[in-house]
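See structure below.
Values in this text are rule-based calculations from the coordinates and carry no lab data. Not measured: the values here are computed from a predicted model. Here the Cβ positions follow ideal geometry from the backbone for every residue, glycine too, while neighbour counts run over all protein chains shown.
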Amino acid sequence: MPTYKAPVEDFMFLFHDLLKIQDRDDLPGFTDLTEDMTRAILEGGAKFCEEVLQPLNQSGDEEGAVFENGVVRVPKGFKEAYDAYCENGWNRLGAPEELGGANMPAVVNFAFAEMGNAANQAFAMYPGLTSAAYSALAATGDDWMKEHVVPKMVSGEWCGTMCLTEPHCGTDLKLMKTKAVEQEDGTYKLSGTKIFISGGDHDMTDNIVHMVIAKIPDEDGKLANDLSTVNFFMVPKVMVDKETGELGARNGVSVGSIEKKMGIKAQATCVLNFDEATAYRLGPKPQPKSADAGDKPKSKSQGMAGMFGMMNAARMGVGIQGIAIGDVAYQNGAIYANERTAGRALSGAKNPEDSADPIIVHPDVRRMLLASRSFVEGARALAMWVSVMFTEARAAKDEKQREFAADMGQLMTPIIKGYFTDKGFEAANQSMQVFGGHGYVKDHGMEQFVRDARINQVYEGANGVQALDLVGRKMTAKGGRAPMAFFAHVQAFIDANKDDANLKPQLDALQAGLKDLQDAAIWLAENAPKDFENAGAASYDVMTMFGIVALGFMWAQMAKTAQAKLDAGEGDPEFLKRKLVLARYWAERELPMTASLKVRASAGASTLMELDAANF
């Protein structure tokens with residue numbers, strides 16, 4: 001059976017030594033984040049995740065969610081765990097105090113989210129999606145929704161979903177066929193089918209609030225083939241009285257089936273059918289195209305803003321899932337490598353009294369484990385830094401500080417979603433490889449981690465889409481301000497520490513990686529306008545380069561922090577020395593990959609696009 005130990009000490013290092021959140025009195029919600037406070041939250045969360053959620057992970061996978069006689073049931077123990085989760089307040093760490101939440105900043109909320117997903121990703125998705133849904137509803141909903149619906153979702157009495165994908169329509173939302181027809185009372189009758197809806201139905205709560213996107217037809221009942229009439233709707237599973245908040249009749253929402261999936265089997269991923277379901281529009285009503293607009297489609301409608309806010313939060317959350325699954329898989333791989341004996345160390349027997357040495361003595365086993373751990377800890381640091389950026393973007397007192405933080409949050413979101421989930425899956429796969437044949441069978445639970453990790457690369461925008469978003473939008477917005485700000489920020493750190501002999505290996509590798517990334521960005525700027533296919537062909541490699549360099553930047557900072565603590569005789573020496581080794585690993589083994597990625601990115605699109613479709 002697999003195990004999980006939450007990385008409390010690593011979060012404490014990031015919070016208080018690297019990011020120094022205890023000194024950020026300039027940001028709302030940070031004043032009380034002393035070491036005693038954050039340790040209490042982390043240790044309490046760790047205990048719940050380790051003792052309540054993790055033991056249900058393998059049994060939940062084996063049993064799975066079940067759909068029978070029109071009812072969806074979660075696996076045994078999930079409802080009791082969910083009730084305890086909500087009673088202990090873990091579902092509302094980041095919710096405003098006026099709604100019954102703890103109003104914790106994103107940096108604390110995302111730390112707990114990682115622990116929950118590492119312990120049991122299928123379970124953690126239920127409250128995670130609810131949080132994204134109620135945040136969107138609180139931002140865009142009518143007063144009665146904020147009074148009667150949002151508090152129920154915050155408390156956990158009701159859950160929430162995101163309903164975007166359709167059988168014929170994934171990322172290309174203009175192809176949607178789900179429609180919402182306005183009624184005389186201002187509500188809408190919404191009809192259509194949505195698929196891949198996580199938490200779409202279950203028996204843990206009395207109501208589920210669906211956040212749905214749909215098109216509003218024109219006067220002739222036709223749907224425009226663009227985004228101009230797309231809007232965002234709240235569709236409750238059970239109707240809610242506007243005056244009292246009491247539940248009424250069942251709405252026109254039904255489950256067609258639950259998806260038979262590769263992984264996260266305890267997560268009730270549903271096909272939902274909307275049959276003239278009562279829906280409530282969120283945000284301003286979209287305006288039809290003007291008569292002189294011709295056939296040129298609008299890029300988006302006003303009603304899309306709430307949906308994109310929910311999607312961006314979800315993308316960050318999925319990136320955190322990449323870290324989480326990589327960490328729990330690595331932990332079990334490391335335990336096994338220390339216990340399993342096979343062969344002898346190349347330098348001579350380490351345990352001569354035994355018939356073989358533990359496989360941890362073999363360089364290739366160590367390569368796989370170090371690759372996984374250096375990613376996990378570097379990614380965790382970047383995620384926590386970006387989480388602070390989210391707060392700064394909203395509430396920093398200095399305008400330039402808010403601008404920089406907003407740019408970093410926007411720039412890093414597709415990288416965190418795309419690169420982190422790729423590397424998280426790779427870490428799970430490598431950790432399974434450590435087990436050899438034992439990893440391929442169910443006994444040790446490793447193959448579940450691989451299966452569960454795989455979806456993270458797909459949902460909330462497949463990673464190729466994240467790469468396109470990065471190069472086509474985030475890097476070009478406002479004249480390329482965000483990437484240039486990031487490049488300058490990294491360069492300033494390198495320049496400020498160039499005389500630090502201890503940091504020289506990390507800084508030299510980081511400087512080379514940064515130069516490769518800048519060269520690739522320049523190549524894109526020069527060649528994408530000539531042929532947009534060049535941007536698409538280079539996008540994935542550029543996203544990967546960004547991830548490698550961003551983690552290299554975090555590792556250089558962590559190395560500096562760890563060395564300073566060692567020199568001062570502070571902290572756990574073994575913990576800090578391990579940080580230095582992992583920083584060297586990233587500098588020696590990961591940052592050099594930017595050189596080959598730059599060559600690939602600048603190869604252009606001609607070879608990729610040359611073959612006719614029939615020749616594939």
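Things worth noting here:
- Charge-dipole axis of segment 160-287 as Lys and Arg at +1 and Asp and Glu at -1 on Cβ define it, positive-most pick from HIS168, GLY283, LEU190: HIS168
- Eligible aspartates and glutamates near LYS417 by straight Cα distance, threshold 13 Å, same-chain separation 8 or greater: GLU460, ASP469
- Each of CYS169, CYS49 was scored by other Cβ atoms within 10 Å of its Cβ. Arranged with the fewest first, they read CYS169, CYS49.
- Sites matching trypsin sites (Lys or Arg not before Pro) across segment 183-279 that sit in DSSP coil, with at most 13 neighbouring C-beta atoms within 10 Å: LYS222, LYS260
- Using alpha-carbon coordinates, inclination of helix 504-527 to the longest axis of the chain, degrees: 40
- Computed magnitude of the charge dipole of the chain (debye, nearest 20; Cβ of K, R +1, Cβ of D, E -1): 1180
- Tail weight of P(r) past 21 Å, computed on alpha-carbon pairs of segment 296-449, percent: 58
- Where labels lie 7 Å past Cα in the beta-carbon direction, separation of GLU9 and ALA488 in nm: 4.0
- The chain - mean residue ellipticity at 222 nm from DSSP helices (-39,500 (n - 2.57) per run, n ≥ 4, rounded to 500): -17000 deg cm²/dmol
- Taking the C-alpha atoms only, the angle from helix 573-585 to the longest principal axis of the chain is near 80 degrees.
- Tail fraction, Cα-Cα pairs, segment 350-419, threshold 21 Å, whole percent: 50
- Signed unit charges on C-beta, dipole axis of segment 343-498, positive-most listed residue LEU369, GLN410, TRP385: GLN410
- If the segment from SER355 to LYS76 were pulled out straight at 0.36 nm per residue, it would be longer than the present Cα-Cα gap by 96.1 nm.
- Close lysine pairs were tallied over segment 479-605: pairs 8 or more places apart or on different chains with Cα atoms under 24 Å apart number 19.
- Rg over Rh for the chain works out to 0.97, using Cα positions for both radii and the Kirkwood form for Rh.
- When the square roots of the Cα gyration tensor eigenvalues are ordered a ≥ b ≥ c, the ratio a/c for segment 160-287 is 1.5 or more and a/b does not exceed b/c, which makes its shape oblate.
- Taking 0.36 nm per residue of separation and subtracting the Cα-Cα distance, full extension of the segment from LEU608 to GLU588 would add 4.1 nm.
- Of the residues HIS210, HIS16, HIS202, HIS438, the one with the fewest other Cβ atoms within 10 Å heads the list, and the complete ranking is HIS438, HIS16, HIS202, HIS210.
- Among ILE323, ILE21, a tally of other beta-carbon atoms within 10 Å of each Cβ gives an order, fewest to most, of ILE21, ILE323.
- Sites listed here are chymotrypsin sites (Phe, Trp or Tyr not before Pro) in segment 40-87 whose DSSP assignment is loop and whose Cβ has at most 15 other Cβ atoms within 10 Å, and the list is empty.
- With 0.36 nm allotted per residue and the present C-alpha distance subtracted, the GLU87-LEU346 stretch has 87.9 nm of extension available.
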